[in-house]
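Down below is the structure, laid out as structure tokens.
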Amino acid sequence: MARHVRTICSLAAALLLLQAPPTIAQDPARQDSAKQAPGAPAAGAAPARRAERPGRTGLPLPRFVSLRANEVNLRTGPGVRYPIDWVYRRRDLPVEIIDEHQTWRRIRDWEGTIGWVHQSMLQGARKVMVTGEPRTLRKLPERAAEPIAKVEPGVIARLETCEEGWCEISIDGLSGWLERHEFYGVYPREEVE
């Protein structure tokens, strides 16, 4: 009898753990960070291959956009009745729309975290975020080109254009070239004009 009670208690405890909401801890040094999703690519990893299927709006899915506000709630589902899972505190942070439901967009951030935001919190302006280590912004799209500046990880820039393995970006009026793998916010073979 005691063995059966222990088994029932163990099953009840396991069920409670499965129903508990996820715990999220914010790194105070990086306000724009989000939790790592299970099985998500590491920071700076190349995103999954672009499927190019149209969403309900007729725009392709997936696609990159950026956050419109300095505070954006990431919810567990497409509506205000769903709990807030995370709060982004960085305007212009690039994110990837992976699904659409009425006025809600399911997004994935640079760490692989997935959730829902209202469409009014997103903008079509293409931004990128430097990842990994400090990167060298170059005058031309080639490794031997003259360096213009060192760009720290976490810096957000406007995406101008891309050709082959390089993209031109603009940071506070300074334009230069980075290799595609040095930032998040563009697909490996995406043409940007």
In order through segment 118-130: 3J(HN,Hα) via Karplus (6.51 cos²θ - 1.76 cosθ + 1.60), integer Hz, x for Gly, Pro: 6, 4, 5, 8, 10, 9, x, 4, 7, 10, 10, 10, 5
For ARG90, residues with placed amide H under 5 Å, excluding near neighbours: VAL72
Likely footprinting exposure, GLU191, GLU111, GLU179, fewest C-beta neighbours within 10 Å first: GLU191, GLU179, GLU111
Cut-off under 5 Å, modelled amide H: who pairs with VAL192 long-range: CYS162
Phi to ³J(HN,Hα) by Karplus 6.51 cos²θ - 1.76 cosθ + 1.60 over segment 159-170, Hz, x for Gly, Pro: 7, 9, 7, 9, 9, 6, x, 10, 9, 8, 10, 10
Segment 53-124: radius of gyration and largest Cα-Cα distance (Dmax), Å: 11.0, 30
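Read the figures in this text as sums done on the coordinates, not as results from a lab. Since this is a predicted model, take the numbers as computed values, not measurements. No Cβ is skipped: glycine too gets one built from the backbone with ideal geometry, and neighbour counts run over all protein chains shown.
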